[in-house]
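Participant: Handing you this structure, nothing more for now.
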Amino acid sequence: MSGGARSRLLAELSGPAVAAGLGPDSIVVQPTGAVEHHGPHLPLVTDFLLADHIGGAAVERAAAEGLDVWQLPTLAFTKSDEHSWAPGTVWLDESTMFDTAVQIGRAVALMGAGSLVFANGHGGNVALLQVALREIRKRYGLKTFLMPTLARTPGPSGEDADERGLGIHGGAAETSMILHLRPDLVDMTKAERWVPDHLAEFEKIRFNGGPVSFGWLSNDFGTPGVVGDASRATASYGQALWDRSLDEAVASLHEIARFDPAVAKPGAAGAAPLASDVVAVS
């Protein structure tokens, strides 16, 4: 079943409706957020909101565009132990989170779906979920994917220009997104610039895109658990981030729907003939 006005939230359906509605072409999206410290100006639920809102909106739009896509309830508690020093953070250890992801895969396979997508709003989950993708694929045969729910884009008024590539947690982007989604939860009187400028000189060791990664805790940088410039956040930047993130998520779901890792071999049953094998008939 694809498209239509029916709820795409699997938990709102009955068991028989799930059994009748899902098949090998069905894509199940599992948003993954976090409940963790985001400094004095943002709520603990920041990453949950990103995953829940963007993941849900992407499923809704993709279904309206004809994709056979469904959404599971967003995971709130995930691997957030880099913030375990801060009161309010609730986290699962790596083995519990890994087992949770794999067992969700088992359940999705038993539903009869063909693909599982983790729509992730928390960077601390990425490495673990990448390992889980292969494990779920190996055990249950699902096609498995991991996609972000926050797509970075330059601020329309240069809101992120002063973060020096280090605005990864509680900075201009995340604060702007929550200003857009839930401004009532943001206290901009406590938003300041907390950028570890001494790290910007490194070319190889980088948070994003560098060849050398490093283990870190969020209180390593001489900041209040924030890496970025929250003082530059604006709701207009949040709107731009929302638009870009939603467009990217929907485009990703369209690619996921047509993705097949197998390459047809010439002469294989059901394979399209090569151009050189086509014989013209008159």
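The values are calculated or read from the model by the stated rules, or taken from the named source; none is laboratory data. Please read all numbers here as calculations on a predicted model, not as lab measurements. Because the Cβ atoms are built from the backbone with ideal geometry, glycine has one as well, and the counts that use them run over all protein chains shown. Surface accessibility is based on the protein's heavy atoms, side chains included, excluding ligands, DNA and RNA. Shrake-Rupley method; radii C 1.70, N 1.55, O 1.52, S 1.80 Å.
Participant: Among the residues of segment 227-263, which ones are under 21 Å from His169 (Cβ atoms), β-branched (Val, Ile, Thr) and within 20 Å of the chain's Cα centre (by Cα)?
Facilitator: The one that is under 21 Å from His169 (Cβ atoms), β-branched (Val, Ile, Thr) and within 20 Å of the chain's Cα centre (by Cα): Val227.
Participant: Across segment 23-44, what is the number of residues that are of a type in the set (A, V, I, L, M, F, W, C), open to solvent by less than 20 Å² (accessible area, probe 1.4 Å) and more than 17 Å from the chain's Cα centre (by Cα)?
Facilitator: Adding up the residues that qualify gives 1.
Each row is one residue, and each column tells you yes or no for (1) of a type outside the set (Gly, Ala, Ser); (2) in a helix (DSSP H, G or I); (3) in contact (Cβ under 8 Å) with a residue 24 or more places away in the chain.
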residue	(1), (2), (3)
Ala113	no, no, yes
Phe118	yes, no, yes
Asn125	yes, yes, yes
Ala132	no, yes, yes
Ile136	yes, yes, yes
Arg139	yes, yes, yes
Leu146	yes, no, yes
Asp162	yes, no, yes
Gly167	no, no, yes
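Participant: For segment 1-55, give me the residue count where each residue is among the acidic types (Asp, Glu), touching a His at 6+ places or on another chain (Cβ under 9 Å) and assigned to a loop (DSSP other than H, G, I, E, B).
Facilitator: Number satisfying all stated conditions: 1.
Participant: Then there is this: Of the residues that sit in segment 85-115 and are of a type outside the set (A, V, I, L, M, F, W, C) and open to solvent by less than 50 Å² (accessible area, probe 1.4 Å), which one is farthest from Gly222 (Cα to Cα)?
Facilitator: Looking at residues that are of a type outside the set (A, V, I, L, M, F, W, C) and open to solvent by less than 50 Å² (accessible area, probe 1.4 Å), I get Gly112.
Participant: Condition first: of a type in the set (Gly, Ala, Ser), farther than 20 Å from Ser218 by Cα and open to solvent by 50 Å² or more (accessible area, probe 1.4 Å). Now tell me which residues in segment 152-180 satisfy that.
Facilitator: Answer for segment 152-180, where residues must be of a type in the set (Gly, Ala, Ser), farther than 20 Å from Ser218 by Cα and open to solvent by 50 Å² or more (accessible area, probe 1.4 Å): Ser157, Ala161.
Participant: Could you please let me know if Val126 is among the aliphatic types (A, V, I, L, M) and either surrounded by 23 or more Cβ atoms within 10 Å (Cβ to Cβ) or at pLDDT below 95 (or both)?
Facilitator: No: the conditions fail for Val126.
Participant: May I ask you to list the residues in segment 215-259 that are free of Cβ contacts under 8 Å to residues at least 60 places away in the same chain, open to solvent by 70 Å² or more (accessible area, probe 1.4 Å) and either within 24 Å of Gly114 (Cβ to Cβ) or part of a loop (DSSP other than H, G, I, E, B) (or both)?
Facilitator: Answer for segment 215-259, where residues must be free of Cβ contacts under 8 Å to residues at least 60 places away in the same chain, open to solvent by 70 Å² or more (accessible area, probe 1.4 Å) and either within 24 Å of Gly114 (Cβ to Cβ) or part of a loop (DSSP other than H, G, I, E, B) (or both): Gly215, Asp220, Gly222, Glu255, Arg258.
Participant: A further question on this structure: Taking Asn208 and the conditions (1) over 19 Å from the mean Cα position of the chain (by Cα); (2) surrounded by fewer than 13 Cβ atoms within 10 Å (Cβ to Cβ); (3) within 23 Å of His37 (Cα to Cα), which numbered condition does it fall short on, given that it satisfies the others?
Facilitator: Going through (1) over 19 Å from the mean Cα position of the chain (by Cα); (2) surrounded by fewer than 13 Cβ atoms within 10 Å (Cβ to Cβ); (3) within 23 Å of His37 (Cα to Cα) one by one, Asn208 breaks only (1).
Participant: In segment 181-203, what count of residues is obtained for those that are without any contact (Cβ under 8 Å) to a residue 40 or more places away in the chain, open to solvent by 80 Å² or more (accessible area, probe 1.4 Å) and within 25 Å of the chain's Cα centre (by Cα)?
Facilitator: Selection size over segment 181-203: 1.
Participant: Okay, moving on. I need every pair where a residue in segment 59-79 that is part of a loop (DSSP other than H, G, I, E, B) has its Cβ under 6 Å from the Cβ of a residue that is buried (at least 17 other Cβ atoms within 10 Å of the Cβ) and among the acidic types (Asp, Glu), sequence separation at least 6 or different chains.
Facilitator: Pairs that qualify, where the first residue is part of a loop (DSSP other than H, G, I, E, B) and the partner is buried (at least 17 other Cβ atoms within 10 Å of the Cβ) and among the acidic types (Asp, Glu), are Thr74/Asp52.
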